[in-house]
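The values are calculated or read from the model by the stated rules, or taken from the named source; none is laboratory data. For clarity, every value in this text was computed on a predicted model and none was experimentally measured. Backbone-built Cβ (ideal geometry, glycine too); neighbour counts: all protein chains shown.
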Amino acid sequence: MKGNRRRTRGWCIDGRSKHPLHGIWAGMISRCHNPGFEGYRRYGAKGISVCKEWRDSFWEFAGYIGERPTPRHSIDRWPNQKGNYEPGNVRWATPEEQSRNRMANRRIEYHGQVRTVAEWSAIHGLPTSTIHNRLSRGMSPSDAVSLPSTYKASRGIMRRCAEANMSWDAVHGRILKGMTLEEATDPLAFPVKRNARGGIVASS
């Protein structure tokens with residue numbers, strides 16, 4: 001009878017607690033479905049859940065996810081960070097990969113549109129790491145997603161903005177409407193609006 005005793009902790013019976021993935025499986029379920037668990041507020045309270053197939057069967061989960069590549073790897077919800085733990089949305093990932101995943105899904109507003117960093121990256125042809133590094137250095141979201149990626153091009157355009165006493169955001173907004181750089185940096189082409197520091201801001 002002792003060998004068949006059901007354990008009341010760890011979500012396991014029949015020796016599953018000895019499997020190297022059992023703790024990961026149990027933690028995943030706890031943070032999504034146990035309100036008393038410390039991490040529940042970041043997962044279950046936000047509507048994130050574990051699919052019924054994996055909640056009901058540790059072996060289904062273990063068979064899908066496979067062996068843990070290294071001790072540094074953990075379960076990551078990908079490609080949809082806001083999605084559930086379910087087939088097609090989980091992977092093994094290092095801390096660096098998980099950080100890039102969170103960064104890519106950060107939402108940024110630019111010219112009235114709210115998109116993820118990954119979406120702005122595709123639109124402007126910038127690596128997500130470039131946008132992330134710019135934001136980390138304190139650059140405004142609008143500049144972070146719109147400034148050219150090459151140093152030479154960026155310096156040239158920013159020099160023109162400085163000469164015209166115009167913000168990059170104002171100039172880039174005009175370029176998006178089809179103007180050339182020369183037209184976009186001509187402060188006499190449109191009614192002038194200035195910010196509190198005297199700089200020219202976007203005009204219609």
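Could you check, for the stretch 45-53, whether at least one of its residues is part of a loop (DSSP other than H, G, I, E, B), on the phi > 0 side of the Ramachandran plot and of a type outside the set (Asp, Glu)?
yes
With the condition kept exactly as written, say whether any residue in the stretch 88-102 is among the basic types (Lys, Arg), more than 30 Å from His124 (Cα to Cα) and modelled with pLDDT under 95.
Within the stretch 88-102 (the criterion being among the basic types (Lys, Arg), more than 30 Å from His124 (Cα to Cα) and modelled with pLDDT under 95), the answer is no, since none of the residues qualifies.
Look through His33, His73 and report the one residue that is modelled with pLDDT of 95 or more and at negative phi. Before you say what the answer is, go through the steps one by one.
Numbers: His73 fails: modelled with pLDDT of 95 or more.
After ruling out the rest, the residue left standing is His33.
Has the stretch 44-63 got any residue that is of a type in the set (A, V, I, L, M) and more than 28 Å from Arg106 (Cβ to Cβ)?
Yes, because at least one residue in the stretch 44-63 is of a type in the set (A, V, I, L, M) and more than 28 Å from Arg106 (Cβ to Cβ).
If I ask for residues that are small (Gly, Ala, Ser) and either over 15 Å from the mean Cα position of the chain (by Cα) or over 18 Å from Trp78 (Cα atoms) (or both), which ones from the stretch 123-150 would you list?
So the first thing to find is which residues in the stretch 123-150 are small (Gly, Ala, Ser), and the list is 125, 129, 136, 138, 140, 142, 144, 146, 149.
Gly125, Ser136, Gly138, Ser140, Ser142, Ala144, Ser146, Ser149 - these are the residues of the stretch 123-150 that are small (Gly, Ala, Ser) and either over 15 Å from the mean Cα position of the chain (by Cα) or over 18 Å from Trp78 (Cα atoms) (or both).
Can you pull out the residues in the stretch 103-123 that are buried (at least 17 other Cβ atoms within 10 Å of the Cβ), part of a helix (DSSP H, G or I) and β-branched (Val, Ile, Thr)?
Val117
Restricted to the stretch 24-79, and to residues that are closer than 20 Å to Ser99 by Cα and among the basic types (Lys, Arg), which residue is farthest from the chain's Cα centre (by Cα)?
Arg68
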